[in-house]
Structures are given as C-alpha cells and as structure tokens.
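This report refers to the structure that appears directly beneath it.
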Amino acid sequence: MLTSQQRASRINTCAPTRLLTGALLAVLLLAFALRTIALQVPEPTGDEGFSYVFTKFSVSEMMTKTIEMIEPHPIGYYIIEKAWMALAGMSEFAIRFPSVLAGVALIALVYRFTRQIGLERINKAIPLIAAGLMTVNAFAVHYGREMRMYAIHQALTLTSTLLVVALMQRPRWRTVLAYVVVSWIALNVHYYAGFVFVAQNLFVFSLLIARGLRNYGAHLGHWVIAQVALAAAGLPWVWYARTVLFSYHGNDVRGATLPDIVIDLLGNYVIGHGFPDLYILAACTGSALFLLGLWRIWSAGRQTRQSAWLLLLYFGVPILAGWLAAQNRPIYTARYFIATLTPFLVPIAASLAMLGPILRTLAGRLGPGSRRGPLSMGSGPAITRQAVLGALAAALGVMFAVGFRYDFAVTVIEKKPVWHDYLRVFDRFTSDLPATQTRPVLNYPNPVFTYYYDPRGEYVTLPFQPDDLEGAKKAVQVMKDAGVRRIVFQVFPSWWDNKHVAETAITTEYTKIDEAWTGTWLAKIYSRVEPSELKPVDTTYSDGVTLGAALVRPDLRAHLVEVNLQWHGVPERLKGTEKLFIHISPAANPFALPAQLDLPLTTSDCAHPVCTFGIRLPDGLPSGPYVVRVGLYDPGLPNAPRLTTNAGKDSVDIATFNVP
C-alpha cells in the first residue's frame, strides 16, 4: 500500500508529464493542420512538376534520365513518391502528402532528439519549445507542403543523428543496422545528407578521443563498421552519378561567399523567403539567440556540453562543407541545407526557455493581490540580460509570424491557377473537334503542365531546344501530317524562346484566328484545313476574282466562327483597294450584323491555298439560324460599292449554322 505522501509524490510527478504529453499532441495536431490546410489549392511549382515527371519513369529509366537530364538529386525520393502515388493517386493533395507526413514526423523527432541529448535536464520545456518552433517555422512549413525531397531529407538526417546519439550512449548492433539503413536512404534522397555524416563523424571521433579510445573500444568498433557499411551501400550510386554530382552548376548559381551563405540561410530560417532586405536583421536576431542558447547548454554541465558540441557540428559542418563544395560545383540554394534547421532551432529553444522565470515573475507581479511596487528580477546586469533576451524573443516571434503569413499568402491565397485557366481556354477552343485534331503547344518545357495534361495525352513544346527554329519547324510539320487542325499556343515569356521561334514555326503551316488570356499569360489559337476539305462555291466577282471554295466551322462554346476561303483569279486585275467582308447575320434579318469582319483582299490571298479567319461571336447571341455571307467592295471608288457576282448578287451565302 502506498502512503499518502507517496501517492501525492506520484501525482506531482505524473501531472507535469501528462501536461507535456498533451501539449506535444497539440503541437503535432497544429503541425498537421498548418501543413494540410488548402494543400490542394496551389498549382504545383516547377520543381514539383519535375518531381512528377521523374515519377513517370521506371527505376532503370530514372537512373538513365539522371545522367541525360543532369538531375542534381538522387532518385530515392522519386522512388518513394512513385510508390506512394500508386496507392494514393495523383491529386495535388495526394502528391504532397508524403512531405506532410515527414514534416509532422519531424516535429516528434525534434522533441525526441532534444530529450535524447539531455536538454530537458536544463529545462523540461526545451523539447516542447523546439518542437513548437519547428511547427510554425515558415521555412519548415513551406517544404513540408511541397512535392519535393526536402522535408523527408530533413526527417531522415535527424533520425540518423538520433541513432548516432543512441549508439554513443549504448552500442548495439541493431542500432548500427538502423543507422546504416536510415542514413543510406537519406543519402539516396539528397546528396547533402553526406555533409551531415561528416558532422557525425567529427562528433563521434572527437567524443571518443576525449573519453579515451581504449575505454570505448566497443563504441569505436560499432561506429567504424557502421561507416564502412554505409560507404559500401552508398558509393555505387555516387560513382554512377559522378558526372552530375561533381559537375552540375544548376539554375540558382550565386557564387556566394561563406558570409553570404550564412546570412541568406539564417534569413530564410528566421523570416522565410519573402524579405531578403531583412535577412541581415533576421540573421543577427537568430544567431544571437542561437549562440545564447548554445552557451546555456554548454555551461549546464559536462553531459550537456557534449550536446552543445553536437549541435554546433550538426549546424556548422554541413554549411561549411556545402560552401567548400560550391567552390568547384558553384551552386547554392538555402533549401539544400534544410537539415541544419534542427540544430539551429534547438539552441534557440534553450534561449527561449530562459524566459520562463521572467514571465513567472511578471505574472506574479501583475497577478491578483500583488503589490504594485517596483519590479525586481535581480541585479542590474541580470535585468539588462533579461530585457535583451525578451527583446530578441519578441523580434523572433514577429519575424516568424511575418514570414509565415507571407509564405502562406504567396503560395496559397494569392497563387493564380495559371494552368487550370489555360486548360479551360484549351477546352473552350477545341471542344467541337476530335481530340486527335487538337494540340496544346507551349514555348517552354514546363513540367507542371505535364502533370495536368498527362492523363489526356500528348502536348508539344516548341522549340524542344532553346531557339531551335529548324527543330520547331519539323515539329510543326509532324503535327500537320498527323492531322492536327487546331493549336492552342501558350505564350510563356522565357529565355528559352527569346527569338520567338515557336510562333515563327507555327505560322508556316497554321493561321492565327483568336487569342485569350490564361491568368497572366496569353494563349493564341491557330487553325488550318486542307484545301480538299473546302466545299465548292465557284462564284466570280466583277473584278475577275473567284471564290472557289469555302468551309465554315462554328465553335459556339468558344464564341468563334472559323471561316476558310479559297480564292482564284488574276492578281494583276486587283487594283489594291478591294476589301473582303464576312457578315454573320440572323437568317430572318440580313441587315442585323452581330458579328462581321472587314479586311483588305491582297494578291497573296489569291495565291494562298486557303485563307483562314476567326470571327468572334458576342455573348448572349439569340437562338436561331444564322447565315455567313462573303462579299467584296471597293472603298477606292465613290460610295464604296460592292462588287457583284456572276449571278448578279453583291454577296454569296457560304454556310448556315444554328445557335441553340
């Protein structure tokens, strides 16, 4: 039987534990909510589209394409994503969900890691604060919502480091096996995991040397075998992809110096992507709290001193190694270093935990029944330190909030549905034609469109190589030979097509009949028909020009009527002032003209096999039959008379269509 004193002691012990458990659960739920809310709303980014393209390949094709496409990442993530999509589908929500799971698991791992290295001995709130910081960090949330490898890379490298700590505390072969498997997967998800392994080795060997190698032979043996096994497992892929791994320059080359990298990295970690002008301030705020927390951990005792050393290596070595690697492989982008976010936030959590006594003192002074005497929290220097810490914490909170709000607004709220709009335009202008006779065309190889159009079939990128006019013309010829009648061309302003090669190639075989805005870009609609498709008209006008054949294709969903005319005649007989008119009017009222087109008739029109025009129909056109009439008139003569036909009429009806 327990005494009343023992029962009270157990209650006092369990109550804080239950409170921390409940708080951790709340933090995990918040992390899940922040990473899933409106997850399906924004269209994929270019990198996400590229991830999707890679998942379309088999594993052997992934290996080949890594070299052919100069892919700077290993294929591990793409294999994981491919397997997931086979189970969950390919909606925007589904393709991003593995990153969500990794991002939420990361929160639990941060909590576990912080406890594993003994920081709860300093303050029981530090693990929870660290988990909370990772939960609301804009940088972590951003990549915890993206179909890329960064959240998984971050979780795997932290798991690997957690296993290093466990191995140093108690060497066991199952821990070695777990470490090798997790680290090998991490290396196959992102190459920069290797920089974390460098930090781990520096920590382990420095720790063993400090302890005395003879006294820790088991630790050394387990660790060496783990590294040999990891190298044996990882080196074959590194060797296979060596041409990409050691020569890739990337699209985000900045040639950054080490201070530039640190400022940019800490700026991203503190305030996110949107405020580069504030990166120096953010870096100073974050580094001050980081160093203060690191000192707090270091000064707490011998055991936590090892933890401070681990955090310093875990944070600093990958950054230094990445900078050194960039001297021969000039690429820098903050997301590659995301594994260092954990050792950056954990010391900051230790700093923020020191605010507890200050807040309790303030609560006591401002609480009910308190006397309103002068506030006293210690000596003058102590008050100054507390004030500085409070100011730094407040600045960090404001920057976290501003960064998170900006990132969420830009990536979710303000994100325009560009490709959805383009597909709506494409469907509007192609719905009356068989799918085999239509084709979307882009002038930039955008992988996001592959994600959206892949279930439908093929689309064409012109030019396939930058500014390749001859290649683009060949691709247009292929479309013509395949019977493609209508092209919806998305004009994307890009260095890929600086010379407007795509449009030049298209106009060799197709004629523009309309255009429409698709969010922020312009889509141009092109059409063509074969002369054999036209129906005979054989109407000659008084100037000797003959309308030999015509074809009208009304596209009511697009509010467009396509008119194709074939002219014959003697160009020399044209005076140069003649004009063509195409009138669309209700069959019951030929004088009403809801849509028409007037333009010069040139000698090239007479020589061209088919002249194609697009005439827009107004919205809300009344139902009923409509007639398409074609005629000529000469504004160079008094009163601009119409030219009569061989039948004595001033126009010819070439088609009738019905508006339901």
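Computed from the coordinates by the stated procedures, all read-outs in this text should not be read as laboratory data. In this text the structure is predicted, and so the values were computed from the model without any measurement. Cβ atoms come from the backbone with ideal geometry, glycine included; neighbour counts cover every protein chain shown.
Details
- Among 172, 148, 428, the ranking by other beta carbons within 10 Å of each residue's beta carbon, starting with the fewest, stands as 172, 428, 148.
- Between the amide H of residue 617 and those of 560, 561, distances stay under 5 Å, these residues lying 5 or more places away or on another chain, with hydrogens modeled in the peptide plane.
- On Cα atoms only, tilt of 193-211 relative to the major axis of the chain in degrees: 10
- Among 84, 107, 191 the positive-end extreme of the charge dipole of region 65-192 (Cβ point charges): 107
- Each residue of region 425-527 gets 91 Å³ once the volume of the Cα convex hull is shared out per residue.
- Considering only the chain, percent of DSSP beta bridges that pair antiparallel, nearest 5: 90
- Counting neighbouring beta carbons within 10 Å and listing from fewest to most, the residues 160, 604 come out as 604, 160.
- Value of relative contact order over region 425-527, rounded to a whole percent, pairs C-alpha under 8 Å and six or more apart: 31
- Computed helical MRE - 222 nm, the chain, DSSP H runs ≥ 4 contributing -39500 (n - 2.57), nearest 500: -17500 deg cm²/dmol
- Counted over all Cα-Cα pairs of region 532-656, pairs farther apart than 17 Å make up 56 percent.
- Were the residues from residue 214 through residue 108 laid out at 0.36 nm apart, the gain over their Cα-Cα distance would be 34.6 nm.
- Counted by neighbouring Cβ atoms within 10 Å, the residues 56, 575 run from fewest to most as 575, 56.
- The value of relative contact order for region 142-252, using C-alpha pairs under 8 Å at least six residues apart, is 29 percent.
- Relative contact order of the chain, defined on C-alpha pairs under 8 angstrom at six or more residues apart (%): 10
- For the pair region 481-549 / region 23-61, the C-alpha centres are spaced 40 Å from each other.
- Dipole axis of the chain (+1 Lys, Arg; -1 Asp, Glu on Cβ), positive-most option in 301, 38, 205: 301
- Think of each Lys and Arg Cβ as +1 and each Asp and Glu Cβ as -1; about the Cα centre, that makes the dipole of region 512-559 roughly 200 debye.
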